[in-house]
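What follows is one structure encoded as structure tokens, with my remarks underneath.
The values are calculated or read from the model by the stated rules, or taken from the named source; none is laboratory data. Here the structure is a predicted model, which means the values were calculated and not measured. A quick note on method: Cβ atoms are made from the backbone with ideal geometry, for glycine too, and the neighbour counts reach across all protein chains shown. When the accessible area is computed, the model is the full protein with side chains, heavy atoms only, and any ligands, DNA or RNA have been set aside. Shrake-Rupley method; radii C 1.70, N 1.55, O 1.52, S 1.80 Å.
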Amino acid sequence: MVIEEDYDGAIDYATETFFSEKIFVYPTDTVYGFGGNIFSNKAVKRITEIKGREASKGFILLLSSIESLSRYAEIKDVSQLSFLRRIFPNPISVVMKLTMRGEEELGVKSAAFRIPDNKFCLDLCERIKLPLISTSVNRSGEAPLNSFSEIKKEFESEVDVIFYTRAEEEGSVSTLIDLTGDKPVLLREGKIKFPEIIKNILD
């Protein structure tokens with residue numbers, strides 16, 4: 001489904017797909033991602049099997065706001081809150097310790113989150129009001145696919161719908177940093193370089 005042809009319809013359809021425990025491909029502020037409901041065992045299992053990844057490996061979860069993030073992740077203090085407000089929305093994902101509620105609902109003690117710099121993602125997350133799975137469209141160990149033609153050829157028969165845009169996509173993954181300790185730790189370099197992120201703490 002071409003997002004630009006019927007934007008509101010695409011949001012409606014993605015929302016329906018999400019709550020029907022189905023899975024879809026969609027554009028993000030980084031690379032195209034597999035999407036689904038993290039609280040649906042069916043959706044999680046399908047994405048895990050399609051990618052051929054270890055079941056114990058977590059997904060990056062997209063949210064629409066810091067307020068939504070605080071429902072699941074433990075924001076340590078005012079300085080960390082300020083840092084998060086300065087880096088989001090952006091192609092930066094952060095691993096954070098979870099609140100008691102977050103642990104109970106997600107079944108883990110920490111998880112990776114991102115508030116994406118992408119209107120479709122933000123509007124969809126605002127509509128569903130739940131964390132949205134975001135994991136690159138590829139088989140485990142292979143490079144992410146970031147063009148509709150490649151994605152359609154490889155995965156059309158394995159997902160319920162592909163949402164795509166005619167705009168050119170850069171194809172860089174998000175920078176992943178660990179915020180569970182006393183200082184941010186780089187886990188993966190991506191679109192925004194780590195020194196630039198750290199500068200947001202020091203400025």
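Here are the numbers for this structure:
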| read-out | value |
| --- | --- |
| Relative contact order (percent, whole number), segment 50-184, Cα cutoff 8 Å, 6+ residue spacing | 33 percent |
| Portion, in percent, of the accessible area of segment 104-165 that falls on carbon or sulfur, probe 1.4 Å | 45 percent |
| Length gained when the stretch E154-I66 is fully extended (0.36 nm per residue, less Cα-Cα span) | 28.2 nm |
| Surface accessible to a 1.4 Å probe, L122 within the full protein complex, Å² | 40 Å² |
| Normalised convex hull volume, segment 1-129, alpha-carbon set, Å³ per residue | 102 Å³ |
| Alpha-carbon centroid distance for the pair segment 96-150 / segment 2-69, whole angstrom | 7 Å |
| Helix-derived mean residue ellipticity, 222 nm - over the chain, DSSP H n ≥ 4, -39500 (n - 2.57), to 500 | -10000 deg cm²/dmol |
| Candidates P116, P27, P184: whichever shows maximal mean-square fluctuation once the chain is modelled as a Gaussian network with Cα springs under 10 Å | P184 |
| Interchain or long-range residues, amide H under 5 Å from V25's placed H | G35, V161, I162, F163 |
| Cα-projected label distance for K119 with R188, points at 7 Å along beta-carbon direction, nm | 2.7 nm |
| Where labels lie 7 Å past Cα in the beta-carbon direction, separation of A143 and S56 in nm | 3.1 nm |
